[in-house]
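The values are calculated or read from the model by the stated rules, or taken from the named source; none is laboratory data. This is a predicted model, so every value here is computed, not measured. With ideal geometry, Cβ positions are generated from the backbone for all residues, glycine too; neighbour counts draw on all protein chains shown.
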Amino acid sequence: NPFRYIADFLHLVSFLILILKIRKTRNCLGLSFRTQEIYLAVFCVRYIDLFMYFVSVYNTSMKLLYISSTVFIIYLMKFKKPYCLSYDSASDDFPHYKFIYTGAAVLALLVHTDLAPFELGWSYSIWLEALAIIPQLHMLQKIKDVENITSNYVGALGVYRFFYIVSWIYKYSLTGDVCWTSLLGGIVQTILYADFLYYYIISLKSGKGMSL
Amino acid sequence: KKNKKSKDEL
């Protein structure tokens, strides 16, 4: 399924864009640490299955790459000088415990694949991922100005989930299988990015930097 | 309706 591999690749590219951006500009202005922290929680909860069964070398290495890239980004933002000095904690103030972690838990109780602990945790990770970008969008709206490379980052992340939706439709057309949890979570996630992507595409066309 | 998730997705 080519769409799915494009999606995985885009996801990986988004981490790379972010790491290169932080290193090049030597700061992490405009980036939400809370969003990165939620992504780490998403991967740690979802990829517990690394200890449960083996799928493929591709699957295992991608999971490890996703986790380690996110850990590395968190390290750069929180601990590595000089990058960590420019972290703007005052603008990164979305109440994520109250709305993201709790909201995703409520959504997972409503829409899930199964009530078994692993399946419920997996469904929670899907909803957590869908909502994870909210602190970042909240922060971008507060500081108004968006560096172009940051738009590339959010752009890559948004398109990645869209390609997963295309891949699920493709899979459904072949096998008739559909996972409502992934599909609904993916749709919510893509809608959250869509507004941003709309301005992103306009700014690409005009060839100028963008501001919200 | 099937609610079937794929083990190999990331």
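Summary table
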| quantity | calculated |
| --- | --- |
| Total residues in the range A:90-147, condition without any contact (Cβ under 8 Å) to a residue 12 or more places away in the chain and among the small types (Gly, Ala, Ser) | 2 |
| Selected residue (criterion: surrounded by the fewest Cβ atoms within 10 Å (Cβ to Cβ)) from residues of the range A:25-57 that are part of a helix (DSSP H, G or I) and either hydroxyl-bearing (Ser, Thr, Tyr) or modelled with pLDDT under 95 (or both) | A:Thr25 |
| Where A:Asp92 falls short, out of the listed (1) farther than 30 Å from A:Thr25 by Cα; (2) buried (at least 19 other Cβ atoms within 10 Å of the Cβ) | (1) |
| Residue match in the range A:111-124 (condition: more than 14 Å from chain B (Cβ to nearest Cβ) and either in contact with a Cys (Cβ under 6 Å, 6 or more places away or on another chain) or buried (at least 20 other Cβ atoms within 10 Å of the Cβ) (or both)) | no |
| Flag for A:Tyr58 being aromatic (Phe, Trp, Tyr) and away from chain B (no Cβ under 14 Å) | no |
| Residue check, A:Phe3 within 14 Å of chain B (Cβ to nearest Cβ), within 18 Å of A:Asn152 (Cβ to Cβ) and part of a helix (DSSP H, G or I) | no |
| Hits in the range A:166-206 (condition: of a type in the set (Val, Ile, Thr), within 10 Å of another protein chain (Cβ to nearest Cβ) and free of Cβ contacts under 8 Å to residues at least 60 places away in the same chain) | A:Thr175, A:Val178 |
| Which listed residue is away from chain B (no Cβ under 14 Å) and within 18 Å of A:Leu183 (Cβ to Cβ), from A:Gly158, A:Gly103 | A:Gly158 |
| Flag if A:Tyr66 is surrounded by fewer than 14 Cβ atoms within 10 Å (Cβ to Cβ) and either within 14 Å of chain B (Cβ to nearest Cβ) or of a type in the set (Gly, Ala, Ser) (or both) | no |
| Pairs, first in contact (Cβ under 8 Å) with a residue 60 or more places away in the chain in the range A:59-84, second surrounded by 15 or more Cβ atoms within 10 Å (Cβ to Cβ), C-beta under 6 Å, six or more apart | A:Tyr83/A:Ile22; A:Tyr83/A:Cys28; A:Tyr83/A:Leu76 |
| Residue match in the range A:91-98 (condition: within 13 Å of chain B (Cβ to nearest Cβ) and of a type in the set (Ser, Thr, Tyr)) | no |
